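Data first, discussion second: the structure below is written as structure tokens.
The values are calculated or read from the model by the stated rules, or taken from the named source; none is laboratory data. Because the structure is a prediction, the values reported are computed rather than measured. Quick reminder, even Gly has a Cβ in these numbers, built from the backbone with ideal geometry, and neighbours come from all protein chains shown.
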Amino acid sequence: MENIEKKKKFKFPHTYTILFAIIVLVVILTHIIPAGNFDKIADPETGATTIDPNSFKYVEKTPAGFFDIFLSIQKGMVQGSSIIFLIIFAYYSVFTITKTGALHGGINVLLKKLKGKEFLSIPIFMVIFALAGSTYGEWDTIYGLIPIFVGLAIALGYDALVGLAMSGLAVAMGFASATTNPFTIGIAQSIAELPLFSGLGFRVIIFIVFVGTSIWWTMRYAAKIKKNPDLSIMKGINIGKLEINRDEIDNVEFTAKRKITLLIFLATIILIVYTSLELGWYLDEMSALFLLCGIIVSIIWREGPDKIIKNIIDATCEIISAALVIGISRAVVVILTEGNILDTIIYSLSKPLASWPSWMAAEGMLVFQNIMNFFIPSGSGLATTVMPIMTPLADLVEVNRQVAVLAYQFGDGYSNLIWPTGAAVMASIAKVPLEKWYKFFGPLFVVLVILQIVFIYIATIMNYGPF
């Protein structure tokens, strides 16, 4: 018999399988890694909780058990509920608008204006989103826009990966290449007692290099699959209702009613940005605005209460798989925290850096921050947890505090796109299998890591400060 039992081709596990395996692994680690804690300190002015870097002590073990595997998922769902409902309600508003034909009509007009110059849409939108992430810390709102750009990219003759890159990758690159991001640079510099947003010029250069590299990578891939669709990494992958067929929208008129519909959605985004910056609104208020947007659109199109409820249910059914990734990811943090090993991991990883030469310690901080971002995927959460340790450590090894902040910035941002606890969310919203995202982004991430190492070295030798 000729190769009847052929070697089975490796099949990449489902996102949920990967995350569940990580939860099980972390549960096992609670039985191996000694438990330990830092004392927590609440800042009376900001309310942020940081740690006392000199207070680490080992405590009695609190290992997780078999039932904790499942209990942590429930707790993770509760902890991540604000983001989960943001994803659901943001998608509901897009779902409702799409059903009216307004999105198709708007894209039809855009395609006609870009005829022969479709490739320009990639750098234009990527720069816009990158600037939003870099300046005021745009991140969560992008969840509601990813489906739109996936549809736009496909209508332009590309695939879902290009749409995800135009939106999710762009805002993530901007967030990581932060210039004035208050959630990362702002918090980290405050803890390091640096002048707020100091060192801006060097970070602008970083922004240009990293965002420019991601745009080049995306346009290179887009041009390749435009020329030969068979080369698309997404070939044969069904992305359901996110796909917009070019032929289907050619005859869709962009009527006054559809223009008003899209203006309502645009006004919602602008309102979200304004209220988050000026009024301090966050995830709950964002979710409410997206929900209100969808309801207003339904009323304009004379849809009754029953139809509105049906739209919410249908939209939730389509996006719930992506939304639940958030809760399952949070389960990892629940186990680490309740098992009292998170602080031990932080302490153990940071301790060797104290004996290294300054330039090597700076690179070690970069590695440390990338690893810690797996355990603490929140930018502000990571800053308040690790910067109180990195600040005195930087002083000890004679590395400027500004360099330590830069290492934190790099480690927090770019690895969000490679660790399953971060990458899975955006990929799931775009209906992109995680392995397909890794195939597209993996080689680019290697380039980004090399650039990070180079910039940290440059920052060290140039005495990047002010101190």
Exercise. Is it the case that Ala42 is under 20 Å from Ser298 (Cα atoms) and among the aliphatic types (A, V, I, L, M)?
Worked result: no
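For every residue, the table says whether it meets (1) of a type in the set (Gly, Ala, Ser); (2) crowded, with 22+ Cβ neighbours inside 10 Å; (3) assigned to a helix (DSSP H, G or I).
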{"position": "Val367", "(1), (2), (3)": "no, no, yes"}
{"position": "Ser380", "(1), (2), (3)": "yes, no, yes"}
{"position": "Val432", "(1), (2), (3)": "no, yes, no"}
{"position": "Leu451", "(1), (2), (3)": "no, no, yes"}
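Residues Gly381, Gly413, Gly422, Gly364: which one is of a type outside the set (Lys, Arg) and in contact with a Leu (Cβ under 8 Å, 6 or more places away or on another chain)? Give the steps one after another, and end with the answer.
On the way: Gly381 fails: in contact with a Leu (Cβ under 8 Å, 6 or more places away or on another chain); Gly413 fails: in contact with a Leu (Cβ under 8 Å, 6 or more places away or on another chain); Gly422 fails: in contact with a Leu (Cβ under 8 Å, 6 or more places away or on another chain).
Step by step, each of Gly381, Gly413, Gly422, Gly364 is checked, and only Gly364 is of a type outside the set (Lys, Arg) and in contact with a Leu (Cβ under 8 Å, 6 or more places away or on another chain).
Yes/no per residue for (1) surrounded by 23 or more Cβ atoms within 10 Å (Cβ to Cβ); (2) more than 20 Å from Tyr158 (Cβ to Cβ); (3) out of contact with any strand residue (DSSP E or B) (no Cβ under 6 Å at 6 or more places or on another chain):
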site: Phe175; (1), (2), (3): yes, yes, yes
site: Asn181; (1), (2), (3): yes, yes, yes
site: Ser190; (1), (2), (3): no, yes, yes
site: Phe210; (1), (2), (3): yes, yes, yes
site: Thr213; (1), (2), (3): no, no, yes
site: Trp216; (1), (2), (3): no, no, yes
Exercise. Within the stretch 361-386, can you find the residues that are in contact with a Phe, Trp or Tyr (Cβ under 6 Å, 6 or more places away or on another chain) and modelled with pLDDT under 90?
Worked result: Phe374, Gly379, Ser380
Seminar exercise, completed: Filter the stretch 15-26 for residues that are in contact with a helix residue (DSSP H, G or I) (Cβ under 8 Å, 6 or more places away or on another chain) and not β-branched (Val, Ile, Thr); the one that is surrounded by the most Cβ atoms within 10 Å (Cβ to Cβ) is Leu19
Problem set entry | Residue count, the stretch 14-55 (criterion: in a loop (DSSP other than H, G, I, E, B) and at pLDDT 85 or above) | 6
